[in-house]
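Single-structure report; data block below.
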Amino acid sequence: MYAVVADVERYPEFLPMCTGLTVTSREAVPDGENLIAKMSVGYKQIAETFTTRVQLRPVALHIDAQYLDGPFKRLDNRWRFDAAADGGTIVDFYISYEFKSAMLGLLVGGVFDQAFRKFTEAFEARARKIYGAPESAV
């Protein structure tokens, strides 16, 4: 599962509301890799782009996204992966955000909440598609 989530450039292929993602820089660090990524999201007539620093830590099985720029006042996103007893993966996904604009929050906040709740499901479906794993093994 870590590899599926770490493959950020594929997000537009399966992630709800993600209309584009570009990695603008990559930096190897002793315990993994740091990326600067611009993600575009859209819903009906509303389109926004935001930039994050993504820290990929394959040995620790952690992925952290730190907000840099865009329509949010704050955005905190963390992934943790642990082996499950049945051979699958326990995924701990956390996201918290607040829009800079109260109006934008009113217009799309509920839709974003709904989409973010479906992120884990979208990644599980992606893993099944790539690895052919049965539903209980993801």
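So how much slack lies between TYR43 and LEU68, counting 0.36 nm per residue of separation and subtracting their Cα-Cα distance, in nm?
Gain in length upon complete extension: 6.8 nm.
Binning every alpha carbon pair distance of the stretch 15-73 at 5 Å from zero, what are the percents per bin?
Pair shares across the bins are 4, 18, 23, 23, 15, 10, 4, 2, 0.
With a cut-off of at most 13 other beta carbons within 10 Å, and DSSP calling the residue loop, which GluC sites (Glu not before Pro) in the stretch 1-30 qualify? Please list them.
Numbers: sites: GLU9, GLU13, GLU27; in loops: none.
Sparse-neighbourhood loop GluC sites (Glu not before Pro): none present.
Can you list the trypsin sites (Lys or Arg not before Pro) in the stretch 1-79 that are in a DSSP coil and have 12 or fewer other beta carbons within 10 angstrom?
LYS44
Using the Cα centre of the stretch 2-133 as the reference point, and only Cβ charges (+1 on K/R, -1 on D/E), how large is the resulting charge dipole? Debye, rounded to the nearest 20. Intermediate values should be presented prior to the final figure.
Numbers: 16 positive and 17 negative charges, 67 e Å.
Computed about the Cα centre, the dipole is about 320 debye.
Starting at 0 and stepping by 5 Å, how many percent of the alpha carbon pairs of the chain end up in each bin?
In order of increasing distance, the bins hold 2, 9, 18, 24, 20, 14, 8, 4, 1, 0 percent.
Quick note: the coordinates plus some simple rules give every number you see, no bench work behind them. A quick note: this is a predicted structure, and the numbers were derived from the prediction, not measured. With ideal geometry, Cβ positions are generated from the backbone for all residues, glycine too; neighbour counts draw on all protein chains shown.
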